[in-house]
Amino acid sequence: MRIDAASGDVWFTDEFVVGASTRAEALRGSGFADERAAGTDLPGADAVFSAAASIQGERAWATLRFAAGRLTSISIILIAAEVEDAEAFWSRYSLDSEAEAKAKLDAFLRAQLGEPHQIVMRGGYAAGFPVLQQLLRYSYAWGEVSSCHDPRTPVTEIAISYHQH
């Protein structure tokens, strides 16, 4: 996987590239992403796709959200090789594993985009895991990229959001 800081394009493979101008129709029947129902957990989304990914050799999963047919955001999480379903994912969950995932995602973003434009320290949870308290943020004319741990879900992810013009 690669992220282009200048355009916001994300290369999942050499053949599967998405960005701010990607339309939902381009993914339908492409074989690169599976469409799933846009439920109430994704307000404003009228199409949602899931795609396998790889980040520096690690297995990952991406969720691509569309509104009015245009790509609005991509969420990317790391998935352990032996995890095949949600039950297995949650049975392996721990702050230690999330801190390890966050460190890998942060290293990936730094390798792709350089040092973050902003680091926000969020306290109040994950005591003893400072990497989980850091929100790395990159801001561009086309949108924003961040790496964060959300204690409410609790998921560690790369979040890419595109400005809608």
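The values are calculated or read from the model by the stated rules, or taken from the named source; none is laboratory data. What you see is a predicted model; the values in this text were computed from it and never measured. Every residue, glycine as well, gets a Cβ built from its backbone with ideal geometry; the counts of neighbours run over all protein chains shown.
Select from the stretch 31-45 the residues that are at pLDDT 85 or above and touching a strand residue (DSSP E or B) at 6+ places or on another chain (Cβ under 9 Å) and write down the one among them that is surrounded by the fewest Cβ atoms within 10 Å (Cβ to Cβ).
Of the stretch 31-45, the ones at pLDDT 85 or above are 31-35.
After this cut, where a residue has to be touching a strand residue (DSSP E or B) at 6+ places or on another chain (Cβ under 9 Å) as well, the list is 32-35.
Working: 32: 16, 33: 21, 34: 12, 35: 16.
Selected residue: 34.
Any chance the stretch 102-119 includes a residue that's of a type in the set (A, V, I, L, M, F, W, C) and modelled with pLDDT under 75?
no
Can you pull out the residues in the stretch 7-20 that are surrounded by fewer than 16 Cβ atoms within 10 Å (Cβ to Cβ), without any contact (Cβ under 8 Å) to a residue 40 or more places away in the chain and assigned to a loop (DSSP other than H, G, I, E, B)?
Result: 13, 14, 15.
In this structure, is residue 144 of a type in the set (D, E, K, R), at pLDDT 90 or above, closer than 23 Å to residue 6 by Cα and buried (at least 18 other Cβ atoms within 10 Å of the Cβ)?
On the way: of a type in the set (D, E, K, R): yes; at pLDDT 90 or above: yes; closer than 23 Å to residue 6 by Cα: yes; buried (at least 18 other Cβ atoms within 10 Å of the Cβ): no.
Answer is no for this residue.
Condition check: surrounded by fewer than 16 Cβ atoms within 10 Å (Cβ to Cβ) and touching a helix residue (DSSP H, G or I) at 6+ places or on another chain (Cβ under 8 Å). Does residue 59 satisfy that? Working first, answer last.
Working: surrounded by fewer than 16 Cβ atoms within 10 Å (Cβ to Cβ): yes; touching a helix residue (DSSP H, G or I) at 6+ places or on another chain (Cβ under 8 Å): no.
No, not satisfied.
Among the residues of the stretch 139-165, what is the count of those that are among the acidic types (Asp, Glu) and in contact with a His (Cβ under 9 Å, 6 or more places away or on another chain)?
Taking the stretch 139-165 as the starting set, the residues that turn out to be among the acidic types (Asp, Glu) are 144, 150, 157.
Those left that are additionally in contact with a His (Cβ under 9 Å, 6 or more places away or on another chain): 144, 157.
The number of residues fulfilling the criteria is 2.
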